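The values are calculated or read from the model by the stated rules, or taken from the named source; none is laboratory data. Source: prediction; values computed, not measured. Ideal geometry is used to build each Cβ from the backbone, glycine not excepted, and the neighbour counts take in all protein chains shown. Surface accessibility is based on the protein's heavy atoms, side chains included, excluding ligands, DNA and RNA. Shrake-Rupley method; radii C 1.70, N 1.55, O 1.52, S 1.80 Å.
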Amino acid sequence: QHPADCASARVLVYSFENSYAGFGAEIHGLVLAFNLAWTLNRTLVMPSRDSWWYANPAKCPSQGMTCYFEPVSGCALEDTR
């Protein structure tokens, strides 16, 4: 999850865009994405700006999981090719 060079890392992109499930289902989907990334030997990345509906846009304009949690990777989607 923390490659030396994000620009050359093979990645799997996961986003909450258009996802309106319950909190547990959202986390379950993220865990499945982690599993797939590990199986494919890729780094899981998420966009810096997302549309996670649990994030209050007035308090956290990025609307991503990083409003409440640490980033899933040392790389953001914008850092990859």
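Name the residue that is surrounded by the most Cβ atoms within 10 Å (Cβ to Cβ), counting only residues in segment 6-60 that are out of contact with any helix residue (DSSP H, G or I) (no Cβ under 8 Å at 6 or more places or on another chain), aromatic (Phe, Trp, Tyr) and within 19 Å of residue 77 (Cα to Cα). So, considering only residues that are out of contact with any helix residue (DSSP H, G or I) (no Cβ under 8 Å at 6 or more places or on another chain), aromatic (Phe, Trp, Tyr) and within 19 Å of residue 77 (Cα to Cα), the one surrounded by the most Cβ atoms within 10 Å (Cβ to Cβ) is 34.
Pairing each residue of segment 53-72 that is under 18 Å from residue 25 (Cα atoms) and at pLDDT below 85 with any residue that is open to solvent by less than 50 Å² (accessible area, probe 1.4 Å) and not in a loop (DSSP other than H, G, I, E, B), provided the two are 6+ apart or on different chains, yields C-beta distances under 6 Å for 55/67.
Would you say residue 70 is under 11 Å from the mean Cα position of the chain (by Cα) and open to solvent by 90 Å² or more (accessible area, probe 1.4 Å)? Walk me through how you get there before you give the answer.
Working: under 11 Å from the mean Cα position of the chain (by Cα): yes; open to solvent by 90 Å² or more (accessible area, probe 1.4 Å): yes.
When the stated conditions are applied, residue 70 passes them.
Taking the criterion of being within 11 Å of the chain's Cα centre (by Cα) and not in a loop (DSSP other than H, G, I, E, B), the residues of segment 12-25 that qualify are 12, 13.
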